[in-house]
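Below: the structure, in structure tokens.
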Amino acid sequence: MPPSSLAIGKYTAAAIRSQPRDDAPLRSQLLLGEPVRLLMQQDHHATVQRAEDGLEGYVRLDQLQTVPEQIWQQQCDAPAFALELFQAMLCSSYGLPVTFGARLPEYDGLQSLHLQQRFVYSGQVLRAEAVDASGDLLIRLARRWLYAPQLVGGRTPTGIDGPGLIQLLYRMLGIVLPYTVGGMLSGGRSVDFVEQCQEGDLAFFDTGQGKVCHLGLILPHSQVLHVHGYVRLDGLDHFGIFDYGCRQYTHRLRLVKRWLPDRQASEIALTEDRSAVLPDARQMAIF
């Protein structure tokens with residue numbers, strides 16, 4: 001295999017592992033149609049580098065589809081993202097499961113050309129280059145994931161982690177983020193005062209040990225969408241995440257970063273009835 005070989009994810013979601021073994025720890029997942037560079041072949045695995053964020057790991061060779069440079073570049077620059085959590089694309093003889101964020105190869109608005117077959121995809125599709133990046137769209141996409149279970153390294157509705165979800169959502173808007181909490185923390189623009197937060201900002205937290213290890217997506221009405229056991233909504237204020245179920249703080253707020261364009265304060269839909277979202281006297285409104 002030449003070191004410059006180019007490939008995309010062949011099936012629904014391939015495991016990207018830390019070692020070339022099927023039982024090695026999961027680093028991440030490669031969704032259908034996502035572009036990677038093939039760096040080296042070792043037995044039944046290839047060392048791959050994800051095209052946009054540089055993540056490296058090992059993927060089974062039978063989970064990869066080599067493609068010409070033109071197709072590979074199109075999957076980087078002008079992908080057609082599947083918007084349904086679960087939806088099969090169908091050819092004449094079988095269906096191929098597709099999840100949210102997969103990139104439909106050579107999609108023409110109805111059909112995708114993949115594995116030398118023409119597949120019909122009847123679900124919603126989003127083209128990142130045609131999207132006006134906004135917090136409102138980001139949140140509408142994020143809400144689709146509520147109650148999906150947590151899985152470290154996962155990137156599908158059957159299991160996902162916090163950085164994986166945030167990275168996938170932002171990429172749908174044409175914004176490429178790093179694949180770790182630390183990487184995301186080092187980028188973006190700092191929001192100095194919580195009163196200046198807007199929907200779509202990223203809030204970073206620690207769990208009391210001082211190290212930032214958790215993040216969430218800020219929503220209006222003093223809420224945060226994050227992955228803690230599952231994708232969930234909790235309260236957010238100056239102190240951190242307030243879990244309504246156990247009626248206590250679970251994560252301490254450390255920093256807020258913005259990757260989206262700034263909006264006028266008058267455009268941000270925030271709640272005026274704070275009693276509806278502050279069921280406990282210990283929680284203070286962030287807005």
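The table that follows gives values for the structure above.
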| quantity | calculated |
| --- | --- |
| Every pair of residues 6+ apart whose Cβ atoms lie under 8 Å, when the first sits in segment 96-119 and is within 20 Å of residue 167 (Cα to Cα) and of a type in the set (Phe, Trp, Tyr) while the second is at pLDDT 95 or above and outside any strand (DSSP E or B) | 100/83; 100/84; 100/85; 100/144; 100/145; 100/157; 100/168 |
| Pair list, Cβ under 7 Å, 6 or more apart: segment 234-263 residue at positive phi, other residue in a loop (DSSP other than H, G, I, E, B) and of a type outside the set (Ser, Thr, Tyr) | 247/280 |
| Matching residues in segment 37-83 - criterion: being more than 29 Å from residue 21 (Cβ to Cβ) and in a loop (DSSP other than H, G, I, E, B) | 68, 78, 79, 83 |
| Residue satisfying all of: in segment 212-267; acidic (Asp, Glu) and over 24 Å from residue 187 (Cα atoms); surrounded by the most Cβ atoms within 10 Å (Cβ to Cβ) among these | 234 |
| Residues (among the aromatic types (Phe, Trp, Tyr) and more than 30 Å from residue 264 (Cβ to Cβ)) located in segment 183-232 | 230 |
| Residues being within 17 Å of residue 105 (Cβ to Cβ) and part of a strand (DSSP E or B) - total across segment 15-36 | 5 |
| Positions within segment 180-204 being aromatic (Phe, Trp, Tyr) and modelled with pLDDT of 95 or more, in sequence order | 204 |
| Odd one out for residue 135 among (1) crowded, with 19+ Cβ neighbours inside 10 Å; (2) modelled with pLDDT of 95 or more; (3) more than 11 Å from the chain's Cα centre (by Cα) | (2) |
| Exclusive hit being of a type outside the set (Gly, Ala, Ser), touching a helix residue (DSSP H, G or I) at 6+ places or on another chain (Cβ under 8 Å) and at pLDDT 95 or above, set 113, 104, 141 | 141 |
| Among the residues listed as 9, 57, 33, the single one being touching an Asp or Glu at 6+ places or on another chain (Cβ under 7 Å) and surrounded by 23 or more Cβ atoms within 10 Å (Cβ to Cβ) | 9 |
| Sole residue being assigned by TED's automatic domain parsing to the domain that holds residue 10 and closer than 30 Å to residue 259 by Cα, chosen from 62, 77 | 77 |
| Residues within segment 84-107 that are in a loop (DSSP other than H, G, I, E, B) and either touching an Asp or Glu at 6+ places or on another chain (Cβ under 7 Å) or closer than 19 Å to residue 173 by Cβ (or both), tallied | 7 |
| Unique residue being in contact with an Asp or Glu (Cβ under 7 Å, 6 or more places away or on another chain), under 21 Å from residue 99 (Cβ atoms) and hydrophobic (A, V, I, L, M, F, W, C) when the list is 176, 120, 191 | 176 |
| Residue count, segment 144-174 (criterion: assigned to a loop (DSSP other than H, G, I, E, B), modelled with pLDDT of 95 or more, surrounded by fewer than 18 Cβ atoms within 10 Å (Cβ to Cβ) and not aromatic (Phe, Trp, Tyr)) | 5 |
| Single residue of 209, 198 found to be free of Cβ contacts under 8 Å to residues at least 60 places away in the same chain and over 18 Å from residue 53 (Cβ atoms) | 209 |
| Residue match in segment 108-120 (condition: in contact with a Pro (Cβ under 8 Å, 6 or more places away or on another chain), closer than 18 Å to residue 155 by Cβ, assigned to a strand (DSSP E or B) and polar (S, T, N, Q)) | no |
| Those residues of segment 175-216 which are part of a strand (DSSP E or B) and of a type in the set (D, E, K, R), in sequence order | 189, 206 |
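A quick yes/no check of all residues on (1) of a type in the set (Lys, Arg); (2) within 15 Å of the chain's Cα centre (by Cα):
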position	(1), (2)
46	no, no
50	yes, yes
62	no, no
73	no, no
83	no, yes
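The values are calculated or read from the model by the stated rules, or taken from the named source; none is laboratory data. Not measured: the values here are computed from a predicted model. No Cβ is skipped: glycine too gets one built from the backbone with ideal geometry, and neighbour counts run over all protein chains shown.
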